[in-house]
Amino acid sequence: MRFLFYSISVVSDWNHGNAHFLRGVMRELIACGHKAFALEPADGWSRSNLLAEKGPFAVERFRKDFPELVPVTYGDAFDHESWLSDADVVIVHEWTDPRLVAEIGKVRARRGNFTLLFHDTHHRAVSATQSISALRLEHYDGVLAFGEALRETYLRTGWGKRAFTWHEAADERLFQPHPEVDSRSDIIWIGNWGDDERSAEIQEFLVNPVRELGLSGTVHGVRYPREALADLAAAGLRYEGWIANADVPKAFAEHRLTVHIPRRPYRESLPGIPTIRMFEALACSIPLISAPWSDVEELFRPGTDFLLARDGSEMRRHVRDVLNDAELAASLARSGLETIRARHTCRHRVRELFDVLAECGRHQANNPVVAEEALA
């Protein structure tokens, strides 16, 4: 089968963590013998910002790290209909230009020879409802929502014909333990600033505990304002900016624990949706402690796969316990990895995608069961 993924970028994950998941899904599809192409705007904000910050090196890193992936850039004169005419499945990410979202839907209505799915991995459906409600999804076969609460939002509002829950997951081809690497520091956090959506939480669940316990640590991410950088430095945290996704597993291995700090809209309006970093960290077998987050979909085993801190004081206690109790740290690392490998890899999500395609009632001749067996 031939898959097209429209995304703001697959080459760049600058302030765009969903690129990690799309890369992993595409790699799994290709490993199964399918064809997968990523279509992205040549002037997309993620790619443009990465090039401005890191230069052509960042694109070369992508090509080196993911040689099997085929990104195709498009501009105003790009012939989308020609590409769509050869596709079996087209998945359009929610950051795609609304006019193009509508245009792809119109092609689907005229030709009707491919399955068309809309992929939502953001909180705008509840935080900026006008922008999502204005999208023309009437010709899309369904919506892939990265959490049950988001799926219910689409069903409740009537956006799209159907909605399916399709969580993000870890690319296990990349995210795995590195026991050969020695830990050189206490704590690492990989996450972007987030439009002030978690500034207080970063202070309470990362900066303050590190400062009060006198720990060493590293922070990776983009868009940190000057004041935030000063707070990190004052706490003794090294800020090292953007990190290539392929370097993250060894960065985790160089630290003794990590933290999960969800953005406020997910915690308050879309419970049950963790960040992609949580899947990736547990896949690398690093002990993880989370700021308040409600796992209403029971994706993990709180207290077994990770520790949950209800406030800054509890975060300090958990951090101290993990750093001082080797048996606790090893148990968390082992259990988290076990759950990822059992339930939350891109291999699992590709199987779920074929279930969605079967439910949409299209491409029966391609036999999704055979595709699943190829993944086993």
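Of note:
- Euclidean distance of C-alpha centroids, region 189-240 and region 273-304, integer Å: 20 Å
- For region 184-198, backbone phi angles converted through the Karplus equation (6.51, -1.76, 1.60; θ = phi - 60°) give residue-by-residue couplings of 10, 8, 7, 9, 10, 10, 10, x, 7, 4, x, 6, 6, 7, 8 Hz, Gly and Pro being listed as x.
- Measuring r between the beta carbons of Leu51 and Val181 and using R0 = 41 Å, the FRET efficiency lands at 0.85.
- Protein-only accessible surface order, largest first, of Glu68, Glu180 at 1.4 Å: Glu180, Glu68
- Expected 222 nm ellipticity per residue - DSSP helices of 4 or more, -39500 (n - 2.57), all of the chain, to 500: -12500 deg cm²/dmol
- Between region 1-73 and region 333-358, the alpha-carbon center distance in angstrom: 21 Å
- Relative to its Kirkwood radius, the Cα radius of gyration of the chain gives an Rg/Rh of 0.96.
- For Leu39, the residues 5 or more places off, or on other chains, whose built amide H falls under 5 Å of its own are Phe5, Tyr6, Ser7, Val72.
- Förster radius 30 Å - calculated FRET efficiency between Ala134 and Asn113 (Cβ-Cβ, nearest 0.05): 0.65
- Shape call, region 41-83: gyration tensor on alpha carbons, a/c limit 1.5: oblate
- Residue-wise HN-Hα coupling along region 199-208, computed from phi with Karplus coefficients 6.51, -1.76, 1.60 (Hz; x: Gly, Pro): 4, 5, 5, 4, 5, 6, 9, 10, 4, 5
- Net length gained if the chain between Asp43 and Gln203 were fully extended (0.36 nm per residue, minus Cα distance): 54.2 nm
- For Ala145, neighbours were defined as the other residues whose beta-carbon sits under 15 Å from its Cβ, and their charges (Lys and Arg +1, Asp and Glu -1) total -4.
- Most mobile listed residue (Glu172, Glu28, Glu53) in the chain, GNM with C-alpha springs under 10 Å: Glu53
The values are calculated or read from the model by the stated rules, or taken from the named source; none is laboratory data. Owing to the predicted nature of the structure, the values given are computational and were not obtained by experimental measurement. Note that each Cβ is placed from the backbone with ideal geometry, even for glycine, and that neighbours are counted across all protein chains shown. Side chains included, ligands, DNA and RNA excluded: accessible areas come from the protein's heavy atoms. Shrake-Rupley method; radii C 1.70, N 1.55, O 1.52, S 1.80 Å.
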